[in-house]
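Have a look at the structure below before the remarks.
Throughout, read-outs are computed from the coordinates displayed, never taken from laboratory work. Quick caveat, the model's predicted, so the values are computed rather than measured. Every residue, glycine among them, receives a Cβ derived from its backbone with ideal geometry; neighbour counts consider all protein chains shown.
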Amino acid sequence: MARRSTKTPPPADDDFEEKILDIDVVDEMQGSFLEYAYSVIYSRALPDARDGMKPVHRRIVYQMNEMGLRRERGYVKCARVVGEVMGKLHPHGDASIYDALVRMAQSFSMRLPLVDGHGNFGSLGNDDPPAAMRYTECRMADATSLMTESIEEDTVDFNPNYDGQEQEPGVLPSAFPNLLVNGASGIAVGMATNMPPHNLGEVIAAARHLIKHPAADLETLMRFVPGPDLPTGGRIVGLAGVRDAYAAGRGSFKIRATVAVENVTARRKGLVVTELPFSVGPEKVIAKIKDLVGSKKLQGIADVKDLTDREHGLRLVIEIKNGFVPEAVLEQLYKLTPMEESFGINNVALVDGQPLTLGLKELLEVYLDHRFTVVRRRSEFRRTKKRDRLHLVEGLLVALIDIDEVIRLIRSSDNSAQAKERLIEHFSLSEIQTQYILDTPLRRLTRFDRIELEGERDRLNAEIEELTRILDSDAELRKLVSNELAAVSKKFGTERRTVLLESASAPVTTVSLQVADDPCRVLLSSTGLLARTANGGPFQEESEKRAKHDVIVSAVPATTRGEVGAVLSSGRLLRLSVVDLPQLPETASAPTLSGGAPIAEFLTLEGDERLVCLMTLDESSPGLALGTAQGIVKRVVPDYPSNRDELEVIALKDGDRIVGAAELRTGEEDLVFITDDAQLLRFQASVVRPQGRPAGGMTGVKLTPGAKVISFSAVDPAADAVVFTIAGSRGTLDDSVQTTAKVTPFDQYPRKGRATGGVRCQRFLKGEDCLSFAWTGTVPARAAQRNGTPAELPEIDPRRDGSGVSLGKPVSAVAGPA
């Protein structure tokens, strides 16, 4: 039996109707390219100016918030987060999502990281790539909650996701200016963005100033945001490009590595790199140096070692061959290697769906407008919620007043619908209030609950009134936004890491003529940092905040293009170019020297030399007063030839060294010696005859056998001054084992003749046989430990030869007003 075929015969040619569209290939290519360009610009490459995020970053943060991966929760696999983001919100591959997540966890990429990563998330310069997402774990960082704060209170609009099954925010509430703080980079079609990170505290200070003064100009805002603050630190040299970028949205600046000249071996000096330019890793620098040395384009390099570790951070040691000047080699490294890189600023971001190039003020204005909208919508949402709750509470209170009648009406009703109608009619309640009364259990209708409800009603009325006041007053709204930003700055603000240098000069170069010769002050901290202020006024505290490096042991007036003198313990006087010193930014916080640079970057010290003090090179001054460990005093005739960078200010005897130096202002000061056997000698500076620089000085204080001078200073006799001393033991002269200390008014010590023994300044207790530290100067005095941490001084003791009291913390430096 033949099997019937089930195949359908092919249709005849007449059954086909040709539908061919003639399309110009130029039009088709143009339309397709525009669609592609639109997608890249708006959905991938450019950040939103409001929250500073691209869609992928926004979706990661939002989904992590939805997953509850907050700081108090444990870590989860990054693969899980990537899968949730890809499956619900981001219609692209997992590699792009994970790359974005990794960058948000890198402390060297983000100034304020938004992801707390656990595992290998890569290294600086991508020399060590991150591990696969199945090996790493993550959760939200502390600051990430600020990005999604109050998102559930109708503060932002939500849009459907790529398949319409989920909702995602079009922008995050963003409680801090994320775009400026963390920067952004991306390449779109026909445009690109490249924005450097900034300091959170500085950006918020500028935003708050703009809230209070909407017409503030760029120069005013740059007092708060003087320049970028990169996560990897470094030094920005030449700020003209930064000003251009802040004004018009485009500019460029150079970033230099932070380098110090040190003795890396007993016979060789080297360049120690502790900070590299943004996005430059040590492997890249090492490879470039080896290539240049191999091609003989760079000479003087003996070896390069990468001693970076987790405990000490970046440390790249470049050994210099004998016979080569380290500073000259460093100049070549800046020119030929990535130790100096250019950063091109291109502030392109989306504003109302349009890519725009924005300056600093425009970026802050867009963000603040967004925050005003978020806070206004949040206040409206909260007021609505509280009004709804108040409506229910008022209805329940009406029922509680006549609870017996309520119960009677309910019991006499045939059903709940009739009970509801009778309650509405009898008590003039709304349907919502009536339903709430019917749903309330009888145990809530006690007299105590009535008291609670009345308290809740009063509290809700007060909160509604406060929210209404905020919504009805633009001034109150702006004040609230400013206060919230201040709270964020206080909690998450950190000190500046990147030093800003007006001049693009190397450590040892001539002065740049482009720098204005403005008055300034050169400062030396107790931890050995040098810096200059932006003006020539006194360096004063603006608040009670105490921070590291805030004890200024020496401060002299100068000009930006001028020079100051550095007096060393060996008797040498070195010239120091002021323009090479980092300038401290003018911020709203208390000024410190945390933005300063180590002495070794500007001065080459030999052996155990130390910087005693700074001085002006004014030859019209009364001169310089010096005191040595062997009791020699000298007044140096002010003679400092401008053609010599190094001078000798005293001819020291063998084994002697300068313990103190002070530039005299009037010549009528009192000179003060303090010896380690607790003797203090005070005499007038006018009794010391000025001598030329090669002279060896004269006897200042008469020392007992075995004693030595530990402090020398010059004090204005009319000023309010004190003497601070610390007793110890000769066997343990260490500030960690200090015993007792004493602060005495300076006027308790009489003047004596030069070359005498002086008077006792502290009585030793059991276990004490010498002074380990002494200082004389004007009040108020500030003290610090060896690492710069603040320490407190004891109360003033009027007894000249009394014993000391125990110190709470060891003191190694004290200074008066700068």
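Descriptive notes on the structure:
- Centroid-to-centroid, using Cα positions, the stretch 674-702 and the stretch 413-441 are 98 Å apart.
- In order through the stretch 756-766: 3J(HN,Hα) via Karplus (6.51 cos²θ - 1.76 cosθ + 1.60), integer Hz, x for Gly, Pro: 9, x, x, 10, 6, 10, 7, 8, 7, 9, 4
- Using the Cβ of Leu239 as centre and a radius below 12 Å, the other residues enclosed give a net charge of +1, where K and R count +1 and D and E count -1.
- Distant-in-sequence amide contacts of Glu275, defined by a placed amide H-H separation under 5 Å and a gap of 5 or more residues or a different chain, comprise Thr258.
- Translational diffusion of the stretch 676-818, µm² s⁻¹ [Kirkwood Rh, Cα pairs; Stokes-Einstein; 37 °C; 0.692 mPa s]: 206
- Over the chain: helical MRE at 222 nm, DSSP H runs n ≥ 4 each giving -39500 (n - 2.57), nearest 500: -9000 deg cm²/dmol
- Potential lengthening of the chain between Arg389 and Glu454 amounts to 22.1 nm, from the contour at 0.36 nm per residue minus the alpha-carbon distance.
- Whole-number percent relative contact order across the chain, with pairs defined as alpha carbons under 8 Å at least 6 apart: 9
- Computed over the stretch 662-708, the percent of Cα pairs more than 12 Å apart is 69.
- Estimated FRET transfer efficiency when R0 is 51 angstrom, pair Arg310-Ser642 (beta carbons, to 0.05): 0.60
- For the chain, the Rg and Dmax computed from alpha carbons only, in angstrom: 36.0, 142
- In order along the stretch 215-229, the phi-based Karplus estimate (6.51 cos²θ - 1.76 cosθ + 1.60, θ = phi - 60°) of 3J(HN,Hα) comes to 8, 4, 8, 5, 4, 5, 5, 6, 5, 8, 10, x, x, x, 10 Hz; Gly and Pro are listed as x.
- Applying a DSSP loop filter and a limit of 16 other Cβ atoms within 10 Å to the GluC sites (Glu not before Pro) in the stretch 614-699 leaves Glu619, Glu668.
- Amide H contacts for Ala534 (H built 1.01 Å from N in the peptide plane; partners 5 or more residues away or on another chain; cut-off under 5 Å): Leu584.
- Prolate/oblate/rounded label for the stretch 366-491 (Cα gyration tensor, a/c 1.5): prolate
- 5 angstrom amide H check on Glu168, placed H, neighbours 5+ away: Asn159, Asn161
- Counting all C-alpha pairs of the stretch 157-263, share separated by more than 18 Å (%): 63
- Qualifying trypsin sites (Lys or Arg not before Pro) for the stretch 85-158 [loop in DSSP, other Cβ within 10 Å: at most 12]: Arg134
- 3J(HN,Hα) couplings calculated from phi for the stretch 618-633 with the Karplus curve 6.51 cos²θ - 1.76 cosθ + 1.60 (θ = phi - 60°) are, in sequence order, 6, 7, 8, 7, x, x, 10, 9, 10, x, 10, 5, 8, x, 8, 10 Hz; Gly and Pro show x.
- Where chymotrypsin sites (Phe, Trp or Tyr not before Pro) in DSSP loops with at most 13 other Cβ within 10 Å are excluded, longest remaining stretch of the chain: 163-818
- Altogether, the Stokes-Einstein calculation at 4 °C and 1.567 mPa s, with the Kirkwood radius of the stretch 609-721 over Cα pairs as Rh, returns a diffusion coefficient of 90 µm²/s.
- Distance distribution note for the stretch 96-146: the fraction of Cα pairs above 16 angstrom is 32%.
- Antiparallel bridge percentage (DSSP; both residues within the chain; nearest 5): 95
- Computed log₁₀ I(q)/I(0) - Debye formula, equal Cα scatterers, no solvent, the stretch 262-354, q 0.16, 0.19 Å⁻¹: -0.67, -0.90
- In the stretch 282-337, trypsin sites (Lys or Arg not before Pro) in a DSSP loop with at most 10 other beta-carbon atoms within 10 Å: Lys296, Lys297, Arg310
- Cα-centred dipole magnitude for the chain, charges only on beta-carbon of K, R (+1) and D, E (-1), debye, nearest 20: 3120
- Here's the picture: charge each Lys and Arg Cβ at +1 and each Asp and Glu Cβ at -1 in the stretch 366-491, and of Pro441, Ile470, Leu397 the one pushed furthest to the positive end of that dipole is Ile470.
- Val398-Ser803 pseudo-label distance in nm [points 7 Å out on the Cα-to-Cβ vector]: 8.1
- Kyte-Doolittle mean at least -0.5, axial Cα span of 30 Å or more - DSSP H helices of the chain: 360-401
- Comparing Thr776, Thr274, Tyr640 along the charge dipole axis of the chain, the residue lying farthest to the positive side is Thr776, per the Cβ-charge model.
- Plainly put, the stretch 136-176 has a radius of gyration that is 1.06 times its Kirkwood radius, both from alpha-carbon atoms, as the Rg/Rh ratio.
- Dipole magnitude (debye, nearest 20) for the stretch 112-260, charges at Cβ of Lys, Arg, Asp, Glu: 1000
- Theoretical FRET efficiency, 1/(1+(r/R0)^6), r = Cβ-Cβ of His92 and Asp217, R0 51 Å, to 0.05: 0.75
- Where only C-alpha atoms are counted, convex hull volume of the stretch 345-388 per residue in Å³: 61
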